[in-house]
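The values are calculated or read from the model by the stated rules, or taken from the named source; none is laboratory data. What you see is a predicted model; the values in this text were computed from it and never measured. When we count neighbours, we look across all protein chains shown, and the Cβ atoms used for this are built from the backbone with ideal geometry, even at glycine. Surface areas here come from the heavy atoms of the whole protein model, side chains and all, with no ligands, DNA or RNA. Shrake-Rupley method; radii C 1.70, N 1.55, O 1.52, S 1.80 Å.
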Amino acid sequence: MEIVKRFIVFEGVDGSGTSTQLELLNGEPGVWTTCEPTDGPIGRLIRSALRGKTTLRPETLALLFAADRTEHLFAKDGVIERCSRGETVVSDRYTLSSMVYQGVLCGDLPFNLNKDFPLPELLFFFDIDPRIAAQRMESRPVREIYEYIEFQELVRDRYKTLAPQWRQKGVRVAVIDASEPIAIVAREIMREIDAL
Ligand code: TYD
């Protein structure tokens, strides 16, 4: 399986702090911070479904995440093009999110849809008790369809099983204690990135 050099991915349950850490990397020279779902047309449709404004079958969402990802990777100025011209790309979520979240509801479908996407060089798994993560999200105005504790517990369990398996594919996997303060997590991330 192809590994994309300088491609870094953040993964974790909702409220684990991936967006906060991504924000801290924003503006670093030579670094492009990005996320999935993207802000492209398919990503916007996905966000509408996540907020419950559009009702879609879980399988349809799995297909849309894979379609959004295809654009994110392979479109002009996308992940692949940027990494190959020497930029470092850090994405808030990638294929493991689909295997974890859609895997809960759609069985093997997300594995089949995502197995051929190229792999990142470094994967951060932000590990945290979903109850602590939920407390952090209390002030957020909108609730999304996956943001309830029973689902997030399943999500964390799946991450714990699946993230370490990426090592066998040749991906460097860093498990971060995401309950630590923001500055400590940031330092840990910089240490791993510098080690690349
Ligand atoms: P998130 O990354 O937390 O962004 P925001 O803070 O803007 O809500 O939300 C994205 C949600 O989408 C999150 O619940 C995980 C989910 N998701 C999937 O279910 N599958 C995927 O493939 C991706 C990329 C995200």
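Below, the figures for the structure above:
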{"item": "Residue selected from the stretch 143-166 under the condition β-branched (Val, Ile, Thr) and touching a Lys or Arg at 6+ places or on another chain (Cβ under 9 Å), by the criterion surrounded by the fewest Cβ atoms within 10 Å (Cβ to Cβ)", "result": "ILE149"}
{"item": "Residue list for the stretch 112-128, restricted to those being within 12 Å of the ligand (Cβ to nearest atom) and either assigned to a helix (DSSP H, G or I) or more than 30 Å from ILE80 (Cα to Cα) (or both)", "result": "LEU113, ASN114"}
{"item": "Scan of the stretch 35-74 for residues that are farther than 23 Å from LEU25 by Cα and outside any helix (DSSP H, G or I), ordered by number", "result": "ARG51, GLY52, LYS53, THR54, THR55, LEU56, ARG57"}
{"item": "Candidate set: the stretch 129-142, residues that are among the charged types (D, E, K, R) and surrounded by 14 or more Cβ atoms within 10 Å (Cβ to Cβ); chosen: the one farthest from the ligand (Cβ to nearest atom)", "result": "ASP129"}
{"item": "Complete set of residues in the stretch 41-64 that are open to solvent by less than 20 Å² (accessible area, probe 1.4 Å) and free of Cβ contacts under 8 Å to residues at least 60 places away in the same chain", "result": "GLY43, ILE46, LEU61, ALA62"}
{"item": "Test set (1) open to solvent by less than 10 Å² (accessible area, probe 1.4 Å); (2) within 13 Å of the ligand (Cβ to nearest atom); (3) among the β-branched types (Val, Ile, Thr) - THR70 fails condition number", "result": "(1)"}
{"item": "Residue within the stretch 174-190 that is more than 15 Å from the chain's Cα centre (by Cα) and more than 16 Å from THR18 (Cα to Cα) present", "result": "no"}
{"item": "Out of SER91, SER97, sole residue that is at pLDDT 95 or above, under 13 Å from ALA66 (Cα atoms) and open to solvent by less than 20 Å² (accessible area, probe 1.4 Å)", "result": "SER97"}
{"item": "Tabulated pairs, the stretch 181-196, first within 12 Å of LEU24 (Cβ to Cβ) and open to solvent by 70 Å² or more (accessible area, probe 1.4 Å), second of a type in the set (Val, Ile, Thr) and not in a loop (DSSP other than H, G, I, E, B), C-beta under 9 angstrom, 6+ apart or interchain", "result": "ILE182/THR20"}
{"item": "Residue check, ASN112 in contact with a strand residue (DSSP E or B) (Cβ under 6 Å, 6 or more places away or on another chain) and free of Cβ contacts under 8 Å to residues at least 24 places away in the same chain", "result": "no"}
{"item": "Answer residue from the stretch 1-15, given it is under 11 Å from the mean Cα position of the chain (by Cα) and open to solvent by less than 20 Å² (accessible area, probe 1.4 Å) and is farthest from ARG187 (Cα to Cα) among those", "result": "VAL13"}
{"item": "Filter pass, SER97 being touching a Leu at 6+ places or on another chain (Cβ under 9 Å), within 30 Å of ASP177 (Cβ to Cβ), small (Gly, Ala, Ser) and not in a loop (DSSP other than H, G, I, E, B)", "result": "no"}
{"item": "Yes/no for VAL104 being at pLDDT below 95, farther than 20 Å from ARG6 by Cα and within 13 Å of the ligand (Cβ to nearest atom)", "result": "no"}
{"item": "Any hit, the stretch 79-86, residues being within 15 Å of the ligand (Cβ to nearest atom) and at negative phi", "result": "yes"}
